[in-house]
Amino acid sequence: TIVAHFDALTTTYESVQRARAQIDALTPLLQECDQHESLARSIDEAVAQQSTLPFFFAQRKSALLEADCLTLERDLSRQEIGQRAAKNRLGDLHGQRGRLELQRAGMGGARLGELEREIERESLARDGRQRRAKDHAGLLGQVELSGVSSAEQFAERLQEIAAAQEAATTVQQETREALNALAVDADRLRRQATELGDELISLRSRRSNIPKKQLDLRARLCHELGIEESVLPFAGELIQVRADEQAWAG
């Protein structure tokens, strides 16, 4: 009997130990399950809050837009009131202008109108004269002449300009004559160069040093007479240089 009780106690103790070991093994898993459940609740709450964000922002935007609409309506009302006041003021001013024009016409208004038009014409003429005076001063400055501020100075500048123009004409004529003379000299030199070139070419093609002009004259003469050039030789062509002095030939 005692042995049976001892065995029963041993079995019970072992069962308690196994249960305690299982509990110790399951405790971390239970903690992870609790953490998972807590995270799931947090995620659900965040999703719920996220789903309500559009409505929240829409509500806030609606409130702001309503406030803007009220502000715009008040501004529009003030603008309409100001526009009506401006129209009324404009109408009053038009009426006042009409009355003033009638009063002016009754007190010599036609003459005043003519004076106003004349003032406008004179103002335009004044602006034109000032513009021309400025251009004239610029042109005088380009030729190193002083500007004018009086009729006397203008007359002096006219005399200076006439003298300068006459001097320029003289220089231009002298320059033209010099250019013509240079052109004549250039043409003469060009002809001389051509003649010298022809003479050099002729000398290279013949053995005598008889000038080309004389050779051309003999060629024309023989052509007119219908004879060969060899029939009319020059004295230089008849003189024969010795064989040991051929370097001096031609």
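Would you mind finding the one in Ala219, Ala178, Ala247, Ala235 that is more than 30 Å from Gln142 (Cβ to Cβ), at pLDDT 80 or above and either outside the structural domain of Glu144 (by TED's automatic domain parsing) or in contact with a strand residue (DSSP E or B) (Cβ under 6 Å, 6 or more places away or on another chain) (or both)?
The match here is Ala219.
Would it be correct to say that Leu112 is modelled with pLDDT of 85 or more and part of a helix (DSSP H, G or I)?
no
Restricting to region 133-158, give me the number of residues that are surrounded by 10 or more Cβ atoms within 10 Å (Cβ to Cβ), part of a helix (DSSP H, G or I) and not charged (D, E, K, R).
Here the count works out to 11.
The values are calculated or read from the model by the stated rules, or taken from the named source; none is laboratory data. Note that the coordinates shown come from a computational prediction; the quantities given were computed from them, not determined experimentally. Backbone-built Cβ (ideal geometry, glycine too); neighbour counts: all protein chains shown.
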